[in-house]
Structures are given as structure tokens and as C-alpha cells.
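See structure below.
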Amino acid sequence: MKKIGFIGTGVMGQSIVKHLLNAGYEVTVYNRTKSKADDLISLGARWKDTPIKVASETDLIFTMVGYPSDVEEVYYGNDGIFQTDFSNKLAVDLTTSTPSLAEKIYDTALEAGGQALDAPVSGGDLGARNGTLTIMIGGESRVFESCRPVLELFSKSLEHHGPAGSGQHTKMANQIMVAGTMTGMTEMLVYAEKAGLDLDKVVKTLSGGAAANWSLENYAPRIIKEDYSPGFFVKHFIKDLNIALQEAEKMGLELPATARAKALYDQLAEKGHEDGGTQALIRLWWG
Ligand code: NAP
């Protein structure tokens, strides 16, 4: 059985590691803030205090950190994954990051005699907890197939989309869609409340018709309960929308609705909600 390394045990990483441990894998973890790995250590995960130490002792290394700059650090930093002999190892980056960084990691891994996949996910904190994430994969198809059984431990839907970077491009397509569902759901609730409607009833009715979508199903109930905790951080959504808009610009595309959604989330962050969940967008209206 492969020894698995996992770097980044935040909201998403913690839940995913639990699925790997439950399946009987030996998992070695590292996170910048050690306390966020304490639960996992108590469940049997081994702790190492740098990415290089994790990578040197494992064959399959997952990373799920915050930003592209964090990904750069865990792969290319002084204590980074690529400082070890990487031959015959496989790195799978689950972070939502840039397609160009995914390509660079793939090239470095290959030169070192190893392999890499970009494999960002969708499905939120609940998807990670329930093991029902959607995974969007870029890299070599045969490499994806070699680790499919491990990925299936925490996903219900996974698809190979093409060479390195294709997983991140697919995730950007996903986030462009989510920008629309989050702003639509938010304005719908603001309108329905102002019209004096019962919000629980409205959400139930709309969920059965053409307006049904994941944001409505998962985030509207949290808003009605005034639960603005993350979930999915506002700061990470802004990161994703920035990447999507930059990639679109490189392609000569304008995405005005996505740009507007980003501007709204920027306003929300300026009001101090960057560590809130993305459902907090409604606080631009409801204070
Ligand atoms: P998170 O809770 O902030 O987790 C990221 C973890 O990575 C944090 O614990 C952080 O450490 C750690 N980290 C960052 N830089 C590091 C470094 N250089 N070395 C070691 N550890 C480092 O965020 P998350 O919600 O799990 O999201 C993780 C990624 O998945 C993001 O790219 C996000 O956009 C994406 N994503 C999230 C969701 C969601 O619903 N939450 C859904 C799909 C995709 P600290 O504890 O020190 O901050």
C-alpha cells in the first residue's frame, strides 16, 4: 500500500485526510499551523515539520494549501517537496491555483523522474466531509488512472480534462459559474425578503424549479440561519475570480458578469469579511 503525504490540513484537507485514514492508509501530514493537524494526529496521522520531510517518506503527496504563492512555497521553497529526490513519486495538487503553476510543477516533476497532477476540487466543506467532492484533473491520463482509487475515497465525480493545467482551467470554468449562482442567490434573497415573503418557503419552491442550483441548496439555508462561517472563504473566492479573470484576459475574453461579482466580493472583503464564508455576500445589503 502506498504511503501518502498530505500538506495543508485546513478546512478541506482535514476532512480529506480523515477519509484516507479511514481507508487504512498511513498518512503523513504537515501544515503551517500545527494545531490544525492535532485532530488528525490523534486519529493516527504521522506529523513531519516540513514539506521535504513529508515528501521524502511518502510516494504519493497531496497538497491543499491556500494560494498559488503557498503552492510555490511548498513545492519550490527551501524545505519544499522538490528539494527531495522526487523520482517515482507523484504529487497531486488539490489547491485551486493557476494553470501556469500547474504546468511548471508538472515539468519539474517529470524532469526529476516523477509525476504531477493538478486536481482542484468542487463541492465545498460538506463535500469534503462527506467524501463527495468533484475533482477536475490535468496531467497524464495513465497517471490519473494509477491514483484513481485513492481519489475515489473522497470524491463522487472525477474527470480527466487534458494535459497539465487543464484541471485548473476546468476549476476556473466552475468558479465563473459559481460567481453567477452566488450573486443570483444573494439578490434573490434580498428581493424576496423586501417583498415580505417567507424565505424558507421561497428557497424550497425555487429549489424545485429552473432556479435550482448548488449555491441555493447549500448556502441559502446558512444565510437564513445567519451562519456566515466558512465553508469557503471570501478571500479564496476573490483569489479564484482573479485567476479566472486573468486567464480570460490572456485569451482575449471579457467576462463582465464575473468581473462584477469580483468587485462585489472585493467590497465585502473591504468591509472586513474576507475570513467569512462566501454566503456573507448578502451582508452588503443586510449589514
Ligand atoms: P484553509 O482552511 O485556509 O486551508 C489551507 C491550509 O493550508 C491552512 O491550514 C494553511 O495553514 C495551510 N497552508 C498554507 N500555506 C502553507 C504552507 N506554505 N505550508 C504549509 N501549510 C500551508 O482553506 P481551505 O478552505 O481548506 O481551502 C484550501 C484550498 O482549496 C484553497 O485553494 C481553496 O480555494 C480551495 N477550495 C476550497 C473549498 C472550500 O469550500 N473550502 C472548495 C473548493 C476548493 P494555516 O493553518 O497556517 O493557515
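Does the range 3-163 come out rounded, prolate or oblate by the C-alpha gyration tensor, with a ≥ b ≥ c the root eigenvalues, rounded set by a/c under 1.5 and, if not, prolate when a/b is larger than b/c and oblate if not? Rounded is the answer for the range 3-163, as its axis ratio a/c remains below 1.5. Just report the Cα centroid separation between the range 134-165 and the range 212-281, whole Å. When both Cα centres are located, 26 Å separates them. Within the shell of other residues whose beta carbon sits under 11 angstrom from the beta carbon of LEU94, the net charge comes to -1, with Lys and Arg scored +1 and Asp and Glu -1.
Taking the chain on its own, what percent of its Cα-Cα pair distances exceed 29 Å? Value for the chain: 35 percent of Cα pairs lie more than 29 Å apart. Give the distance, in whole Å, between the Cα centre of the range 180-197 and the Cα centre of the range 8-64. The range 180-197 and the range 8-64 have Cα centres spaced 40 Å from each other. Rounded to the nearest 10 degrees, the inclination of helix 11-22 to the longest alpha-carbon principal axis of the chain is 50 degrees. Legend: residue pairs LYS235/LYS271; LYS239/LYS262; LYS89/LYS156, Cα-Cα distance threshold 18 Å; pairs beyond threshold, LYS89/LYS156. Only the Cβ atoms of Lys and Arg (+1) and of Asp and Glu (-1) were treated as charged; on that basis the dipole of the chain about its Cα centre amounts to roughly 560 debye.
Loop-located trypsin sites (Lys or Arg not before Pro) across the range 168-252 with a Cβ neighbour count of 10 or fewer within 10 Å are LYS225, with loop assigned by DSSP. Here the range 107-165 is assigned +1 on the Cβ of each Lys and Arg and -1 on the Cβ of each Asp and Glu. Its dipole about the Cα centre then comes out at about 260 debye.
Using a Gaussian network model of the chain in which every pair of alpha carbons under 10 angstrom is joined by a spring, one finds that among ASP85, ASP59, ASP93 the greatest mean-square fluctuation is at ASP85. Each residue of the range 271-283 was assigned a 3J(HN,Hα) from its phi angle through the Karplus expression (A = 6.51, B = -1.76, C = 1.60, θ = phi - 60°), giving 7, x, 9, 5, 9, x, x, 4, 5, 5, 3, 5, 5 Hz with x at Gly and Pro.
Per residue, the average separation of C-alpha pairs within less than 8 Å and at least 6 apart gives the chain a relative contact order of 13 percent. Helix 256-268 axis versus longest C-alpha principal axis of the chain: approximately 90°, rounded to the nearest ten. In the chain, helices alone account for a calculated mean residue ellipticity at 222 nm of -15500 deg cm²/dmol, with every DSSP H run of four or more residues adding -39,500 (n - 2.57).
We did not get these values from a lab; they are worked out from the coordinates using the rules stated. Note that this is a predicted model, so its numbers are computed, not measured. So basically every Cβ, Gly included, is an ideal-geometry build from the backbone, and we count neighbours across all protein chains shown.
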